[in-house]
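Take a look at the structure set out below.
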Amino acid sequence: MPTLAVAGAYLHHKTSIEDLLRKRLPDWTVVRPEEDAARDACVAVCWDQPPDTWGRLPAVRLIHSIGAGVDGLLRDPGLPDVPVCRVIDEAQACRMAEYALWGTLYFHRGFDITARNQRDAIWQRPPNRAAADVCIGVMGLGEIGAHIARTLSAQRYNVKGWSRSGRVIEGVQTFSGPEGFTAFLEGVEILICVLPLTEETEAILCAKLFSQLKPGAKLIHVGRGPHLVEADLLRALDAGQLAGALVDVFPAEPLAGDSALWRHPKVCVTPHMAAVMPMSDVVSQIAENCERLLGKKPLLRIVEKSTGY
Ligand code: NDP
Ligand code: OXD
């Protein structure tokens, strides 16, 4: 019987992924790395795996992320040199687009302002502008970012997008690489970060970037915590350079109770909830790759380790 080991936390899911994998792969033994049988595991299914994971899995031939982002795997210094696959899920991209649309409307239609005003019983209508007059910048145009850009463009927002290699998306003005970055940021009023975390993108949401946006811009951050320099964000908000931020991801999750972000009047914090993938989709993608590994067929959704995503 082939063996699969599940290492780390289950992301947001309460259902046991082990039970679902056992049901979907009845011919496999599903264990945790702490169990003796893990020494035979040819597949590791991971999210936030503990540092001692790899020593317990000497036979691993495929590492499968439970989530879309793989920074937690690729940044693991002990990661074995075997293929890493991830999950790419249409339902997740749709949910991310819903969150981005909600955040965009929250800022564009001034719900952030009316929520603050309500506390002081202030009756004041925020400006009511056409979507086409609002410039949105989407950083990252991959499986999720491209879906967000298309969704906002379909709502008539003026959408710009930025990627590494350059992507063409109908109705979206696209830019690429460091050379296209300044032109991308120019005039952006709502910036949405949906980048993967890599050496190039770490700390990209910093004072220099904020100063290149339209004054009073807003940030929607659904990428990864270390993209954002928190102190720069707080300074930009306090100085009025930025007028608001919706932040879903943090360097350490859950966000500590004493973080200034919880209490800042211009920050809306959400608990890494922009998109929770249906666990059935996650399990069926992992199972398919397990079967491919045994059948010596090409694996699906392999991560390009050299680019870091
Ligand atoms: P993809 O790998 O499909 O796409 C990544 C995009 O980012 C690509 O367009 C890529 O460019 C671009 N990119 C990468 N590096 C750079 C760079 N240095 N400069 C400019 N552009 C760059 O990722 P997904 O769309 O599937 O996911 C993106 C991220 O979203 C995940 O890595 C994760 O961090 C986050 N996420 C957050 C969730 C949440 O609930 N908050 C849920 C799911 C994901 P190119 O097209 O040229 O390759
Ligand atoms: C993620 C996910 O990568 O939820 O954040 O899949």
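The values are calculated or read from the model by the stated rules, or taken from the named source; none is laboratory data. Remember, predicted model here, so these are calculated numbers, not experimental data. Reconstructed Cβ throughout: ideal geometry from the backbone, glycine too, with neighbour counts over all protein chains shown. The accessibility values were calculated without ligands, DNA or RNA, using every heavy atom of the protein model including side chains. Shrake-Rupley method; radii C 1.70, N 1.55, O 1.52, S 1.80 Å.
Quick rundown of the values:
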| item | result |
| --- | --- |
| Accessible area of the stretch 58-194 divided out per residue, in Å², using a probe of 1.4 angstrom | 49 |
| Gaussian network model of the chain, Cα within-10 Å springs - most flexible of 168, 249, 87 | 168 |
| nm² value of the averaged projected area, convex hull over the Cα atoms of the stretch 88-143 | 5.1 |
| Nearest 10 degrees, 0 to 90: helix 279-294 Cα axis against the chain principal axis | 40 |
| The stretch 127-190: trypsin sites (Lys or Arg not before Pro) falling in loop per DSSP and having at most 12 other Cβ within 10 Å | 129 |
| Whole-Å distance, taken between Cα centres, linking the stretch 147-170 and the stretch 16-79 | 35 |
| Peptide ranges 36-45, 217-226 listed from the most packed, as the mean C-beta count within 10 angstrom indicates | 217-226, 36-45 |
| Using alpha carbons only: equivalent-ellipsoid semi-axes of the stretch 109-258, gyration tensor based, whole Å | 25, 21, 14 |
| Value of relative contact order over the chain, rounded to a whole percent, pairs C-alpha under 8 Å and six or more apart | 16 |
| Neighbour-limited loop hits for chymotrypsin sites (Phe, Trp or Tyr not before Pro), the stretch 83-177 (at most 14 other Cβ within 10 Å; DSSP other than H, G, I, E, B) | 123 |
| Peptide ranges 183-196, 275-288 listed from the most packed, as the mean C-beta count within 10 angstrom indicates | 183-196, 275-288 |
| Relative contact order for the stretch 66-187, counting Cα pairs under 8 Å that sit 6 or more residues apart, in percent | 18 |
| In the stretch 231-309, trypsin sites (Lys or Arg not before Pro) in a DSSP loop with at most 16 other beta-carbon atoms within 10 Å | 296, 305 |
| Rounded percent of accessible protein surface that carbon and sulfur make up, the chain, 1.4 Å probe | 52 |
